[in-house]
1. Of the residues in the range 65-83, how many are part of a loop (DSSP other than H, G, I, E, B) and either out of contact with any strand residue (DSSP E or B) (no Cβ under 9 Å at 6 or more places or on another chain) or more than 10 Å from Arg48 (Cβ to Cβ) (or both)?
2. Looking only at the range 42-57, count how many residues are part of a strand (DSSP E or B) and more than 20 Å from Phe90 (Cα to Cα).
3. For Trp46, work out the one condition from (1) in contact with a Pro (Cβ under 7 Å, 6 or more places away or on another chain); (2) of a type outside the set (Ser, Thr, Tyr); (3) under 26 Å from Gln97 (Cβ atoms) it doesn't fulfil.
4. Go through the range 28-57 residue by residue and tally those that are surrounded by 10 or more Cβ atoms within 10 Å (Cβ to Cβ) and either touching a residue at least 60 places away in the same chain (Cβ under 8 Å) or among the acidic types (Asp, Glu) (or both).
5. Could you tell me whether Asp58 is among the charged types (D, E, K, R) and closer than 22 Å to Arg3 by Cα?
6. With the requirement that a residue be out of contact with any helix residue (DSSP H, G or I) (no Cβ under 8 Å at 6 or more places or on another chain) and either at positive phi or surrounded by 11 or more Cβ atoms within 10 Å (Cβ to Cβ) (or both), what does the range 62-76 give you?
7. Report, ordered by the first and then the second residue, all pairs with beta carbons closer than 6 Å, sequence separation of six or more or different chains, a first member in the range 72-97 that is polar (S, T, N, Q), and a second member that is exposed (fewer than 14 other Cβ atoms within 10 Å of the Cβ).
8. Being modelled with pLDDT of 85 or more and either farther than 12 Å from Leu93 by Cα or among the acidic types (Asp, Glu) (or both) is the filter here, so list the residues in the range 13-41 that pass it.
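The values are calculated or read from the model by the stated rules, or taken from the named source; none is laboratory data. The structure presented is a predicted model; accordingly, all values stated were derived computationally and were not measured. Please note: Cβ atoms are built from the backbone with ideal geometry, for glycine as well, and neighbour counts cover all protein chains shown.
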Amino acid sequence: MARFLGKWWHEYSPPSVLHWFSRNGLANLVSEFGFCEVAHGWPRKWIRASHAKAIARDAVAVTPSAGIVKLVGSMIPSRLVVPYVGDDAFWELYRSQ
């Protein structure tokens, strides 16, 4: 799809990405093997503004705010790199007890 859509492709990752564990599910699993959580967080990710604008446009495409999102998006340079605020990637660090 990325090749077909070219510059209009805005997926950060393919929709086929699977989520194997919830946070609680992973914590329960590793605790059965004697591990405890040391730290967790979300990695910092940065994307081009053109990508962020495409995501925003798609999210509000059929809502009354679509015009406002398009207007605000037109004021942001497409090559600008912006933080990606998503919860699609998460990390946890465990240690043996």
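1. Going residue by residue through the range 65-83, those that are part of a loop (DSSP other than H, G, I, E, B) are 65, 75-80.
If we keep only those that are either out of contact with any strand residue (DSSP E or B) (no Cβ under 9 Å at 6 or more places or on another chain) or more than 10 Å from Arg48 (Cβ to Cβ) (or both) too, we end up with 65, 75-77.
Here the count works out to 4.
2. We begin by selecting, within the range 42-57, every residue part of a strand (DSSP E or B); these are 46-48.
Filter once more, so that each one left must be more than 20 Å from Phe90 (Cα to Cα): 48.
Looking only at that region, the number is 1.
3. Exception for Trp46: condition (3).
4. Final tally of qualifying residues: 5.
5. Numbers: among the charged types (D, E, K, R): yes; closer than 22 Å to Arg3 by Cα: yes.
Considered against the rule, which asks whether it is among the charged types (D, E, K, R) and closer than 22 Å to Arg3 by Cα, Asp58 comes out as yes.
6. Initially, the range 62-76 is screened for residues out of contact with any helix residue (DSSP H, G or I) (no Cβ under 8 Å at 6 or more places or on another chain), giving 62-65, 67-68, 71-72, 74-75.
Scanning the range 62-76 gives Ser65, Ile68, Val72.
7. Ser96/Gly34; Gln97/Gly34; Gln97/Cys36
8. If we filter the range 13-41 for residues that are modelled with pLDDT of 85 or more, which is where we start, we get 24-41.
Answer for the range 13-41, where residues must be modelled with pLDDT of 85 or more and either farther than 12 Å from Leu93 by Cα or among the acidic types (Asp, Glu) (or both): Asn24, Gly25, Asn28, Leu29, Ser31, Glu32, Phe33, Gly34, Glu37.
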